[in-house]
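The values are calculated or read from the model by the stated rules, or taken from the named source; none is laboratory data. No experiment lies behind these values; they were computed from the predicted model shown. Reconstructed Cβ throughout: ideal geometry from the backbone, glycine too, with neighbour counts over all protein chains shown. Heads up: the accessible areas ignore ligands, DNA and RNA and are worked out on the full protein's heavy atoms, side chains in. Shrake-Rupley method; radii C 1.70, N 1.55, O 1.52, S 1.80 Å.
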Amino acid sequence: MQFPRMTQPRPSEFIPPPECPVFEPSWEEFSDPFGFINKIRSIAENTGICKIRPPPGWQPPFACDVDRLHFTPRIQRLNELEAQTRVRLNFLDQIAKFWELQGCTLKIPHVERKSLDLYQLYKVVSEEGGFEQVCKERKWTQISTRLGFAPGKAVGSHLRSHYERVLYPYYLFQIGGRCVKTEQGEPCENRPNLRRRMGSCVVEQYICLVCGGGGDEDRLLLCDGCDDSYHTFCLIPPLHDVPKGDWRCPKCLAQECGKPQVAFGFEQASRDYTLRSFGDMADSFKSDYFNMPVHMVPTELVEKEFWRLVSTIEEDVTVEYGADIASKDFGSGFPVKNGSFKVTPDEEHYVTSGWNLNNMPVLDSSVLTHITADICGMKLPWLYVGMCFSSFCWHIEDHWSYSINYLHWGEPKTWYGAPGYAAEQLEMVMKKLAPELFESQPDLLHQLVTIMNPNLLMEHGVPIYRTNQCAGEFVITFPRAYHSGFNQGFNFAEAVNFCTVDWMSLGRQCVAHYRSLNRYCVFSHDEMVCNIAAKADNLDLVLACAIQKDMSAMMEEEKELRERAYKLGVWHSQQVDYEELPDEERQCIKCRTTCFLSAITCPCSPTQLVCLHHLQDLCSCACSNYTLNYKYTLGLLNQMFKSVAGRAVSYDDWASKVNKMLKPEREKNDLRALMVEAEKKMYPEMDLLRHLRQIIQEAEKSAAMAQQLLNGKRQTRYRTGGGKSQNQLTVEELRSFIQQLYDLPCTIRQVPFLKALLTRIEEFQARSADLLAEDMPGSSALQGLVDEGTGLDVELPELAVLRQRLEQARWVEAVQQAGEQPASLSLDCMRRLIDQGVGLSAHACVERTMARLQELLTVCEHWEEKAHNMLTARPRCSLDSLETALQEVNSIHAYLPNCLQLKDSVSRAREWIREADALQFGGRVPVLASLSDLVSKAKGIPVLLEPLARLESLVSEVQAWKESAAKTFLLKNSSLSLLEVNACLGFCMKTDDSYCTGIDIKLLSSPSVDRALVLLMNKFKTFVSVYLKVYIKKIVKYVSTISFQDVVFELRKESEKPEKHPKRRLEKENPDVQDRDKIKKPKKKKPKTNKERRREEKRTISPSNSLSDPSYSDDSEEDWSVCSAKRCLQPEGNEVNWVQCDGSCNQWFHQVCVGVSAEQAENEDYICVNCSRKKLTQ
């Protein structure tokens, strides 16, 4: 396996691995420890470790004798625990020793204000090809980058200098290079040791063993180990100065540095602690280190600080750990039978509880109960007293067994674990990252002295899980699961091993693994198997089956080994009871395996033996001299095997039937018969029986669920607002469920119906996909599919989409229906539709419809506001501008009140203009009341009416004239009104009487001629009849001798001067002239009623009010203009046409009275009969 090369220092911040499973058994489950462990094994073994919280209330008393307990803890230097940190420290020790032997003291150089990692520099340079290669290819900048230095700071040159000065000499020494210079042909070892003889005194002359010269004595070094001498400049590399301390020559240096390293292990503390004194020390250390009370330090902070400390060289923190304290010496933390701790009656059940760690290894279901020896740590619990940062390194349990740890009290214990299937991967990663440690200690991981950061292991693909074990909780490790951890503070824990039946095959694999590592065994696996087989008659069936399989493999291997030994010449044999010998006396001298079934000995060394695997490693003697020592003959082993097989055969037959029926390719039969057979024969609970029961329960449950699906009852469990049921199956789950039903080794009658249901669902999905592919399908089709999908009682993703699309379709249709009925599409309706549409999910059709609706709302709001402004504008808007606006409004299909009011106002304005035109150009003189009504009506129309100003002025003039006439012709307290006078005088004029007996002339005022003429002049100027023409005529004729006709004629003549044809029409440009072509003929005067008389009385009392009050317009609207024809036909109707004589009289005649048509009167001159006669006479 290839691992990525680390090019950057890993970050110091520790990232906690994922949590391991935590189980909380019920009281029923808790009553059977191995049953519960077997139940959770399929889950927990995937993480290697798990945590178990006992049911509430399970709190065993602490039974350990605190006063009697004392122990000597281990000393742990944290930066020596971590594998890579220890490699660095070992390297620095070697470098320091190397330079110390040469008389120099190693000083760690600093680069960029931090200590240079000499190990990393040495390792990286070696990976790049060595010092010469790096210098040749100029890779020092690349080296600095790999060491984590920022580029561009010229660090490479400094690194080269430090390497050349400190590490390069050590590199040359390591690769076996010469540390001294030699001249070719002059080997230094053959140079004579020159001596100078002076008299009787022999003086030894020191010469350099390299160059052979004795000169430059001040540069000549003498080895403090062997007294050899060398020049400083002859060494490689040359020494610039003579070392001040002791100096060793290259030969001595090689001898000292070549000594093997002492195996790493924990030292024992010099002090013996009691539990109380250790606790005081532990609490003091933690509170001082974190500067806060121990119970306030977060576990996360302690965890990150621990991994920081174990990975740093600069900080040296030392802690102590009271580990592997034998419970048999000081008592267990759990109460035991006949122990010194006395329990109360309420606590008796803790003594016999299966979770009591003194009982668990020897339960009937435990394999270890068949081992006769008391093995501390495996059958007898060990005690652990921890303090902050005290740790247990990566390891697996002996013989790959289970372990269980209970924390009695104290602060938490943090665990890390890897599953059993990743054990070899973890070992490979650690050997890859720290090969130097495993070279000297191949079984390093079995020494419990090495730890490695879980983050680093996870980076290389090893699955790691963690947990915090609190007081009162169990942690279980599974076979071959590596685990490690540390203590958060002062605590007390207890641990023991146990083995279940499923462990048997792993136990035999572990023995073979130990043999390959030359590691001793804690117990003999073969001895345990034979002890169990000797009790075949009383064996549990499950255990009997497991022993049968394991014993079969053991016998096959033993037979092959004995046959191999016989072929090699080992013919001597003898029976030996190895179980009576201590384990250390029956260990193979090669692999250290504990022998039991057989061993080989030689007379040359009777105390030594080897297993049959290492027969040729015993001694140099011939194999014929060897003796085969055996416990059982193959025949006896075969008999033991048959006994076990006989116990397990019935179960095997039953198990064989079950296994055959559980295979999918077999015919599916009813499994209940097998279950009944197992119950009759009282087979114990085992994996196969549990599996069979689980399958039957699963089949029954599946059948019940299938029936519920078919009945549609599952949806009644939870259904609100048309939503899905709480426990509805998805389509994939239903498909998988049907497949599971097919795979079950029994027939489920509901399967075909479920298959048909699945077919309906698939058809529904296909139709849904087709319908949803449309831009916006109809709501009825969508509703049908929604109803169909809801009835299927399956979680269908399409249903949610269909419901969304249904809401969208209903909204779009509502908008369309509202658009088809503009009369009901108000602004509020549009806003309500928009609010409803805002909550809908996004869709192209919805967005288009929403955009059109918002655009329509914007336009409508704009025109509503504009119409309101136009209706309330001051000055008022013209009719043309309003009509132009209405042309645009008519294109908006919506109900707009202001626009409708605007339209009504325009219609009323048009009608008013038509009435005004009819009144002006209708062929008759307009009546004052009609003008007043027209003016009043115009005030309620919010439109600028151009004739209105002229009409208002005219009405004001007429009102003023009426008031003036009343003052002129009526006495102050006269009981008559102008209307009564006018009616009476009109009758007198028709009879041509000079005096009208219908009225008392004394009641009339006698105006002056001048005043009467002024009134008459004003009357003709306004051309409005006020019923006083006759009255004025009679009065003036009465009071004066002046001819009234002459006056009128002159007035008319004067008033007609600016008009060319005043008799036929009134020019619109002259507001003071009325058109006479269409003067309306008044109706006959009706007899007056009592109500009219009361009105006259009131007018008599208040004549001024009567003259100006427009409410009395019923009779005043009559026009009593006199036709000049001798025989007037008195025509009646809405319109009476008049014609004026173009002769000298200028009199007016009804057209019908003189036989003139309207066309003739318009286009031709008319001359009356009198004027024609006068003209003929002349």
>> Filter segment 799-814 down to the residues that are touching a helix residue (DSSP H, G or I) at 6+ places or on another chain (Cβ under 7 Å) and within 29 Å of Arg852 (Cβ to Cβ) and list them by number.
In response: Val801, Leu802, Arg803, Arg805, Leu806, Gln808, Ala809, Arg810, Trp811, Val812, Glu813, Ala814
>> What pairs come out if I take residues in segment 289-304 that are exposed (fewer than 13 other Cβ atoms within 10 Å of the Cβ) and pair them with residues that are small (Gly, Ala, Ser) and in a loop (DSSP other than H, G, I, E, B) whose C-beta lies under 9 Å away, six or more apart or interchain?
In response: His295/Gly489
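When segment 559-603 is examined, which residues are found to be among the aromatic types (Phe, Trp, Tyr) and assigned to a loop (DSSP other than H, G, I, E, B)?
Going through segment 559-603, the residues among the aromatic types (Phe, Trp, Tyr) turn out to be 566, 571, 578, 596.
Across segment 559-603, the qualifying residues are Trp571, Phe596.
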> Within segment 955-968, restricting attention to residues that are touching a residue at least 40 places away in the same chain (Cβ under 8 Å) and among the hydrophobic types (A, V, I, L, M, F, W, C), which residue is surrounded by the most Cβ atoms within 10 Å (Cβ to Cβ)?
Replying inline: Ala965
>> I'd like the full set of residues that are open to solvent by less than 20 Å² (accessible area, probe 1.4 Å), touching a residue at least 60 places away in the same chain (Cβ under 8 Å) and either on the phi > 0 side of the Ramachandran plot or not in a loop (DSSP other than H, G, I, E, B) (or both), limited to segment 35-79.
In response: Ile37, Ala44, Gly48, Ile49, Cys50, Lys51, Ile52, Phe71, Gln76, Leu78, Asn79
> Applying the selection to segment 597-640, what residues are more than 14 Å from Arg564 (Cβ to Cβ) and among the β-branched types (Val, Ile, Thr)?
Replying inline: Thr601, Thr607, Thr627, Thr633
> In this structure, is Gln765 open to solvent by less than 60 Å² (accessible area, probe 1.4 Å), of a type outside the set (Ser, Thr, Tyr) and in a loop (DSSP other than H, G, I, E, B)?
Replying inline: no
> Restricting attention to segment 351-366, does a residue exist that is among the small types (Gly, Ala, Ser) and exposed (fewer than 15 other Cβ atoms within 10 Å of the Cβ)?
Replying inline: no
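Let me confirm something: among Glu865, Glu946, Glu915, Glu952, which residue is free of Cβ contacts under 8 Å to residues at least 40 places away in the same chain and within 30 Å of Gly819 (Cα to Cα)?
Numbers: Glu946 fails: within 30 Å of Gly819 (Cα to Cα); Glu915 fails: within 30 Å of Gly819 (Cα to Cα); Glu952 fails: within 30 Å of Gly819 (Cα to Cα).
Result of the check over Glu865, Glu946, Glu915, Glu952: Glu865.
Would you confirm, using the coordinates I've provided, whether Leu978 is in contact with a Ser or Thr (Cβ under 6 Å, 6 or more places away or on another chain) and at pLDDT below 65?
Working: in contact with a Ser or Thr (Cβ under 6 Å, 6 or more places away or on another chain): no; at pLDDT below 65: yes.
Spelling it out, it is not the case that Leu978 is in contact with a Ser or Thr (Cβ under 6 Å, 6 or more places away or on another chain) and at pLDDT below 65.
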> Restricting the search to segment 306-316, which residues are buried (at least 17 other Cβ atoms within 10 Å of the Cβ) and modelled with pLDDT of 85 or more?
Replying inline: Phe306, Trp307, Leu309, Val310
>> Step by step: first the residues of segment 321-377, then only those that are assigned to a loop (DSSP other than H, G, I, E, B) and hydroxyl-bearing (Ser, Thr, Tyr), then the one that is modelled with the lowest pLDDT. Which residue is that?
In response: Thr372
>> Of everything in segment 262-320, what is farther than 14 Å from Ile75 by Cα and part of a strand (DSSP E or B)? Give them in sequence order.
In response: Thr274
>> I want to confirm something. Restricting to segment 11-33 and keeping residues that are outside any loop (DSSP other than H, G, I, E, B) and among the aromatic types (Phe, Trp, Tyr), which single residue is most open to solvent (accessible area, probe 1.4 Å)?
In response: Trp27
> Within segment 104-143, how many residues turn out to be open to solvent by 40 Å² or more (accessible area, probe 1.4 Å), under 30 Å from Cys223 (Cα atoms) and without any contact (Cβ under 8 Å) to a residue 40 or more places away in the chain?
Replying inline: 3
> Out of all the residues in segment 506-540, which are within 52 Å of the chain's Cα centre (by Cα), open to solvent by 10 Å² or more (accessible area, probe 1.4 Å) and modelled with pLDDT of 90 or more?
Replying inline: Leu506, Arg508, Gln509, Val511, Ala512, His513
>> With the structure loaded, tell me whether Glu685 is at pLDDT below 75, within 25 Å of Lys549 (Cα to Cα) and not in a loop (DSSP other than H, G, I, E, B) or whether it fails that test.
In response: no
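When only residues in segment 815-842 that are out of contact with any helix residue (DSSP H, G or I) (no Cβ under 9 Å at 6 or more places or on another chain) and among the charged types (D, E, K, R) count, which is surrounded by the most Cβ atoms within 10 Å (Cβ to Cβ)? Can you show your working first?
Going residue by residue through segment 815-842, those that are out of contact with any helix residue (DSSP H, G or I) (no Cβ under 9 Å at 6 or more places or on another chain) are 817, 820-823, 828, 832, 835, 842.
This time we only want the ones that are among the charged types (D, E, K, R), so: 820, 828, 832, 835.
Details: Glu820: 10, Asp828: 9, Arg832: 13, Asp835: 9.
Here the residue is Arg832.
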> Of all residues in segment 378-398, which are in contact with a helix residue (DSSP H, G or I) (Cβ under 9 Å, 6 or more places away or on another chain), in a loop (DSSP other than H, G, I, E, B) and open to solvent by 10 Å² or more (accessible area, probe 1.4 Å)?
Replying inline: Lys379, Ile396
>> Going by what's in this entry, would Gly784 be described as in a helix (DSSP H, G or I) and free of Cβ contacts under 8 Å to residues at least 12 places away in the same chain?
In response: yes
> When Ala800 is evaluated against the numbered criteria (1) of a type in the set (A, V, I, L, M); (2) open to solvent by 50 Å² or more (accessible area, probe 1.4 Å); (3) in contact (Cβ under 8 Å) with a residue 60 or more places away in the chain, which criterion, by number, is the only one it fails?
Replying inline: (3)
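Yes/no matrix, rows are residues, columns are (1) in a helix (DSSP H, G or I); (2) in contact with a helix residue (DSSP H, G or I) (Cβ under 8 Å, 6 or more places away or on another chain); (3) open to solvent by less than 10 Å² (accessible area, probe 1.4 Å); (4) closer than 17 Å to Glu865 by Cα:
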position: Glu888; (1), (2), (3), (4): yes, yes, no, yes
position: Ile892; (1), (2), (3), (4): no, yes, no, yes
position: Leu900; (1), (2), (3), (4): yes, no, no, yes
position: Asp904; (1), (2), (3), (4): yes, no, no, yes
position: Ser907; (1), (2), (3), (4): yes, no, no, no
position: Ile913; (1), (2), (3), (4): yes, yes, no, no
position: Ala916; (1), (2), (3), (4): yes, yes, yes, no
